[in-house]
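Taking it in order: structure first as structure tokens, then the write-up.
Read-outs: derived from the displayed coordinates by stated rules, not from any lab. Given the structure is predicted, the values throughout are model-derived calculations rather than measurements. Reconstructed Cβ throughout: ideal geometry from the backbone, glycine too, with neighbour counts over all protein chains shown.
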Amino acid sequence: MGNIWVISDTHFHHSNILNFTDENGELIRGKQFSSVEEMDECMLENWNSVVKPGDKVYHLGDVQMGSKEQFAKFWPRLNGSKRLIVGNHDDIKFLSSGGFFAKVSMLRIFPEFGLLFSHIPIHEQSLYRYPKKDDVNSWEKPREELLNVHGHIHQNPSPPGRYRCVCVEQINYTPINIEELRIK
């Protein structure tokens, strides 16, 4: 098995994202990219520089906006077997029916890494895994704390506590390896 990579909020083909500003009125992506084509190609090059064909990539939502035909031609150029954690801007019907993703889900827990993947930061009370009830010694086992790996907030800081944002703006527009996120 290859490596596992994580990325969020690529917004491929979303030209208007270049006009988005932060709380100070500064361009977020527009200061770095002069066109949506430049942005998309940069993310494609960065993606393929780390992700190999046999790797898995978890995309934590908000994959693309704009032309679906253009996206259908662009997407196969990205290495890896892709899995989607659905974001608030994703067209689930389109993305799940087009063969773009091997799996589509709302959340993904990796107990072996101590991670919970979601699109938006989830409530802190949901970041615990409890022992299975059928385990006769479950009362002796402590609950496990999970790190919430999420997207959605772009350049903004994650909530305090057990959160890590993997929006492209925070990871240099390059997928991050799951080993860098591991808490176990």
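A few comments on the model shown:
- Helix 36-50 vs. the chain, principal-axis angle (Cα, 0 to 90°, nearest 10): 40
- Across the range 119-124, rounded Karplus estimates of 3J(HN,Hα) from the backbone phi angles (6.51 cos²θ - 1.76 cosθ + 1.60, θ = phi - 60°) give 7, 9, x, 9, 4, 3 Hz, Gly and Pro being marked x.
- For the chain, DSSP calls about 30 percent of its internal beta bridges antiparallel.
- Calculated [θ] (222 nm, deg cm²/dmol) that DSSP helices of n ≥ 4 give over the chain, each run adding -39,500 (n - 2.57): -4500 deg cm²/dmol
- Using a cut-off of 26 Å between Cα atoms, the listed pairs Lys56/Lys93; Lys31/Lys52; Lys31/Lys93; Lys31/Lys82; Lys73/Lys103 include Lys31/Lys52; Lys31/Lys93; Lys31/Lys82 as exceeding that distance.
- Computed from backbone phi, the HN-Hα couplings of the range 146-153 come to 10, 8, 8, 8, 9, x, 6, 9 Hz, rounded to whole numbers (Karplus: 6.51 cos²θ - 1.76 cosθ + 1.60, θ = phi - 60°; Gly and Pro given as x).
- Backbone HN-Hα couplings from phi across the range 56-69 [Karplus 6.51/-1.76/1.60, Hz, Gly and Pro as x]: 10, 10, 9, 9, 8, x, 6, 6, 8, 9, x, 5, 6, 5
- Protection proxy ranking of 43-49, 66-72 - average other beta-carbon atoms within 10 Å, highest first: 43-49, 66-72
- Overall form of the chain per C-alpha gyration tensor (a/c, 1.5; a/b vs b/c): prolate
- Under 5 Å from the amide H of Ile109 lie the amide H atoms of Phe117, each residue being 5 or more positions distant or on a separate chain, with H modelled from the backbone and absent for Pro and chain starts.
- Placed amide H near Ser81: partners under 5 Å, 5+ positions off or other chain: Asp55, Lys56, Val57
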